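Encoded as structure tokens, the structure appears first; notes follow it.
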Amino acid sequence: MRSTLRSIIHSVNAADGLQETFDIIVEEVGGAMEADICSVYLLEKDNQNHLLVASYGLNPQLVGKAKIPIGKGIVGHISARGEPFKSEEGSEHEAFFEIPDIGEEGAHAFLGVPITHHRETLGVLVVQQRTSRNYNEDDEAFLVTLSAQLAGIIVNAELRNLVESKARQKPITQFQANSSAPGIAMGKGWVVSPPTSLASVPNRNCKDVDEEIKQLRKSMSRARKDIRDLAATLSTTLAKQELALFAAYEQMLSHNSLGKKIEKLIKEESLWAATALRKVIDDNVKRFMAMDDPYLQERATDVLDLGRRVLNHLQEQSSKPQQFPRKTILISEQVTSGMIAEIPQKYLVGIISLKGSSTSHAAILARSMGIPALMGLRDCPVTALEGKPLIVDGYQNVLFVSPRRVLTEEYKQRQTDEQHMLERLPKKSTAKTKTLDGFTIPLMVNSGMIADFDHDLDLDVDGVGLFRSEYPFMQSDRFPGESEQRHLYRRILKGYKGKPVVIRTLDIGGDKTLPYFPIDEENPFLGWRGIRISLDHPEIFHTQLRAMMLANVGLGNLHISLPMICTLSELDKSLLLIRQVYKEIQEEFAFSEEEFKRPKIGVVIEVPSAVYQIRSIAKRVDFISIGSNDLTQYLFAVDRNNTRVSYLYKALHPAILLALMEICEAGNNEKIPIHICGEIAGNPLATIVLLAMGVTGLSMNIHSIPKVRQVIQKFRMSDASAILSKTLSYETSFEVQEYLTRVLKERGLADLVNPGHQ
Ligand code: PEP
Ligand code: MG
């Protein structure tokens, strides 16, 4: 059953266009269930009728015409109740709705299941039998399983159809995102497919056919070598017969087989090699799937694997400069920091990531670069956006595809207004940021990209509250050595001389992986991450600590923060290693105490267990840094990248506020600084509440600083605790947000409230 399901899903996935999607569904499902009739009815947009969109066995003349009104017939009954229905004598059932000339005469057995997507019924999938048949529970379970998987594919095909439609009067195509980095971007879509995902390769034309063919040949030859190597490794364990398969694969990858077909497509249609590869592989997979022999059907998986191998080599080669649109909007299923870094900054104007949320690292990076981004767009047909004119509205969280002229003009005007608004915000402030009653609040930046530095330096901020040291590691092709790291850290420590710079030790794992240090885990956010990796690899940790401390010689502004600490033992081991490295350098170079200051050490509080040990932690360290992004993720058990559950991710939820209070209380008792470096620090709605809790410094992306500064300058510390008490009286994040929005509006700060913030 599983292989039949897989084979149907694959064929449907490879369909070209909406109608073909439906036609394949009825053909394949009808065939697999040995049904005489298989039909798909879809609920029309006006919710009045169910339209017969495809059928195998009914009168083809009525496909696209026959309708069953809402609430009528067995189809209407299934759709309304959202439940399967079966009967040995469907046409005799009291609800049966007769459609003249449809060809249902003599159809006895009936089994129908709803097609449901995200709690919404899209239509009904029906199988019928002209002979008598008792559809059993297995049949029903099979159809329900299939329908659940088909729903997503149908929605995707419908949307793709809409996006690709050339109709002049087509409706406005727009997609809603879950969250964003603020701003408006207008440009052309540039799709980046995840490594080795053939299905995500967009339809793209090439500039130089000969070059594409050269790359293809090289990749095919490398894939052939992979197969040969694999066969050699397995030669002692596999039987002769199985080894022969590898020879067959090698043969398929030869010029005379797949190679010739792919090259032909590249030449005839001036296609990008990866696009031509995807088309030919899809074609072959379909052919194998259609074979009767189950053994041959299974070979489709092998063809797909061969395709992925070739794609892998093509992707390795395409690291050469590409022709980006002048205004590139980067699109991917899951945009990564690496993808962002690969596009020259002068071209990159916007980012769209199907998966992810406002605190995914791609969103954080986008915000720090001032690039509008949309995160978490359900059902958006990513590959169809390639080359399309797009508008990214990071204020309303909306993406417009191929917008009409009027809309484009309107957004151009909004972009200009936005520019003026930002220019009006005082960027540079030589004075310290103070509340109306004179309390100074240090505002610091979060940094990490090398490109940030010069940009940050000319702003008058009070230091760096978080330097994400993993970003430079991500831009390298190996672990950077001690002197390389030392130069980098020195540049930033020197740039902010006299001000604190918090460098966080390597925080890889989760959604931040290094290409040269792959970590393959089922549950990466709960796995090998941050300090856990550093403690397991003392050689990497030791090099980084040495580089940081050597960079600090003669400057003395280094602060080190430790990510993902969840036990005191992790903290104690880290502190011991830091002390050892300090001593080792002191003995090696004999620096004076004045020249070689002990760095201040802090912990990033981002794991719930650390909140409950905060008193003991606060006694051991010089400062506390609150990582509200991960703290929210772990407190709510919500993967910060998972779009399905992102509605639960609310940094302004009373539960988070109570956890922050605990941390601040412990830090204040020990009289050590407490900084917040998670995204909540840059949310103007949260500013006053955080200060009232006793947070002593806020660290955020550079673009949020002028806004947060404005808030601080409009309030008195003496008002803050009353605002905090009122905030804590609410029980939901919605109420908290609504109240704090009102508070800002009363002070004339309505402009600062951004709907993208959570
Ligand atoms: C955090 O978790 O809040 C944080 C600042 O770290 P990162 O976003 O890099 O995980
Ligand atoms: Mg974190």
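The values are calculated or read from the model by the stated rules, or taken from the named source; none is laboratory data. Treat the numbers as computed from the prediction; the structure is a model and nothing was measured. Here Cβ is always computed from backbone atoms with ideal geometry, including for glycine, and neighbour counts include all displayed protein chains. We work out accessible area using only protein heavy atoms, side chains counted, and drop any ligands, DNA or RNA first. Shrake-Rupley method; radii C 1.70, N 1.55, O 1.52, S 1.80 Å.
Considering region 384-416 alone, what residues qualify as being in a helix (DSSP H, G or I) and either surrounded by fewer than 20 Cβ atoms within 10 Å (Cβ to Cβ) or free of Cβ contacts under 8 Å to residues at least 40 places away in the same chain (or both)? Hits for region 384-416 are R405, V406, L407, T408, E409, E410, Y411, K412, Q413, R414, Q415, T416. Does E587 fit the bill of being surrounded by fewer than 18 Cβ atoms within 10 Å (Cβ to Cβ) and among the charged types (D, E, K, R)? Taking the combined requirement at face value, the residue satisfies it.
Of the residues V75, V124, the single one that is part of a strand (DSSP E or B) and open to solvent by less than 20 Å² (accessible area, probe 1.4 Å) is V124.
Looking at region 491-507, can you tell me whether even one residue there is modelled with pLDDT of 90 or more, within 16 Å of ligand 2 (Cβ to nearest atom), in contact with an Asp or Glu (Cβ under 7 Å, 6 or more places away or on another chain) and hydrophobic (A, V, I, L, M, F, W, C)? Scanning region 491-507, I find at least one residue that is modelled with pLDDT of 90 or more, within 16 Å of ligand 2 (Cβ to nearest atom), in contact with an Asp or Glu (Cβ under 7 Å, 6 or more places away or on another chain) and hydrophobic (A, V, I, L, M, F, W, C), so the answer is yes. Only helices (runs of 4 or more DSSP H) whose full extent lies in region 564-630 are considered here, and the ones with at least 3 residues that are in contact (Cβ under 8 Å) with a residue 40 or more places away in the chain and within 16 Å of ligand 1 (Cβ to nearest atom) are 608-612.
Every residue, every condition in (1) assigned to a loop (DSSP other than H, G, I, E, B); (2) touching a strand residue (DSSP E or B) at 6+ places or on another chain (Cβ under 9 Å), yes or no:
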| site | (1), (2) |
| --- | --- |
| I9 | no, no |
| G31 | no, yes |
| H50 | no, yes |
| E104 | yes, yes |
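If you go through region 175-210 and keep only what is farther than 22 Å from D16 by Cβ and of a type in the set (G, A, S), you end up with A177, S179, S180, A181, G183, A185, G187.
May I ask you to verify whether Y489 is touching a residue at least 24 places away in the same chain (Cβ under 8 Å), more than 16 Å from ligand 1 (Cβ to nearest atom), surrounded by 21 or more Cβ atoms within 10 Å (Cβ to Cβ) and over 16 Å from R579 (Cα atoms)? So Y489 passes the test. The set of residues in region 637-651 being more than 10 Å from ligand 2 (Cβ to nearest atom), buried (at least 17 other Cβ atoms within 10 Å of the Cβ) and closer than 23 Å to H118 by Cα consists of V638, D639, N641, N642, T643, S646, Y649, K650.
In this structure, S91 does satisfy being in contact with an Asp or Glu (Cβ under 7 Å, 6 or more places away or on another chain), among the polar types (S, T, N, Q), open to solvent by 30 Å² or more (accessible area, probe 1.4 Å) and not in a loop (DSSP other than H, G, I, E, B). For A80, indicate whether it is under 36 Å from the mean Cα position of the chain (by Cα) and loosely packed, with under 14 Cβ neighbours inside 10 Å. Judged against the criteria, A80 is a match. Of everything in region 193-227 that is of a type in the set (V, I, T) and crowded, with 20+ Cβ neighbours inside 10 Å, the residue that is nearest to S270 (Cα to Cα) is V201.
Which one of these is open to solvent by 40 Å² or more (accessible area, probe 1.4 Å) and either within 16 Å of ligand 1 (Cβ to nearest atom) or among the small types (G, A, S) (or both): L535, L514, L526? Just one listed residue meets the conditions, L526.
In the condition set (1) over 30 Å from I371 (Cβ atoms); (2) modelled with pLDDT under 90; (3) not in a loop (DSSP other than H, G, I, E, B), S180 is compliant with all but (1).
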